[in-house]
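The block underneath contains the structure these notes are about, expressed in structure tokens.
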Amino acid sequence: MAMELAHIELDRAEIALKLASYHLQPFGIVHGGVIATMIDTATFWSAFLRLPEDAGLVNVDLKLNYLQPVVDGILTARANCLRAGRSISYSEAKVFDESENLVAHGTSTLMVLQGKGLQLNAKKFLEE
């Protein structure tokens, strides 16, 4: 996908994606799966910093609406964790084009997986 985690802080994350020809479907617009993956990824990272070190997350529900087509440029997904729980978290994300037009909106329900933490080379939790 070539996505980049552009920003992360407690309860927020931003994913950036520079579009290429391989992101397009046969009619020349960005494939819906690309936008869905951006929403999935951004919502994951928005909830991630609230987890204990030894826990992970998986998406158990993803709902989204495509609001306008995109053909080129850079897409940005901005996510907010609306509820961080011990077993279930809930986040939303909005995807914008380069002109800050809203092109998609989605929500994600994420389930915490104990014992499935990521091995990171940086301190995971931020100071509040």
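The values are calculated or read from the model by the stated rules, or taken from the named source; none is laboratory data. None of these values were measured; they are calculated from a predicted model. Positions of Cβ are backbone-derived with ideal geometry, glycine not excepted, and every protein chain shown enters the neighbour counts. The protein model used for the area step is the full one, side chains on, heavy atoms only, and it has no ligands, DNA or RNA in it. Shrake-Rupley method; radii C 1.70, N 1.55, O 1.52, S 1.80 Å.
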When residues of the stretch 1-37 are limited to those that are without any contact (Cβ under 8 Å) to a residue 60 or more places away in the chain and in a helix (DSSP H, G or I), the one nearest to the chain's Cα centre (by Cα): Thr37
Among the residues of the stretch 84-108, count how many are on the phi < 0 side of the Ramachandran plot, at pLDDT 95 or above and open to solvent by 30 Å² or more (accessible area, probe 1.4 Å). 10
Considering the stretch 59-82 alone, what residues qualify as being of a type outside the set (Asp, Glu), within 16 Å of Leu24 (Cα to Cα) and part of a loop (DSSP other than H, G, I, E, B)? Gln68, Pro69, Val70, Val71, Gly73
Could you figure out which of (1) of a type in the set (Val, Ile, Thr); (2) in contact with a strand residue (DSSP E or B) (Cβ under 7 Å, 6 or more places away or on another chain); (3) surrounded by fewer than 17 Cβ atoms within 10 Å (Cβ to Cβ) isn't true of Ile29? (2)
Answer yes or no as to whether Ser89 is of a type in the set (Gly, Ala, Ser) and in contact with a Cys (Cβ under 7 Å, 6 or more places away or on another chain). yes
Test Arg78 against the stated conditions and say whether it is surrounded by 14 or more Cβ atoms within 10 Å (Cβ to Cβ) and at pLDDT 95 or above. yes
Would you check which residues across the stretch 43-58 are modelled with pLDDT under 90 and in a strand (DSSP E or B) and list them? Ala55, Gly56
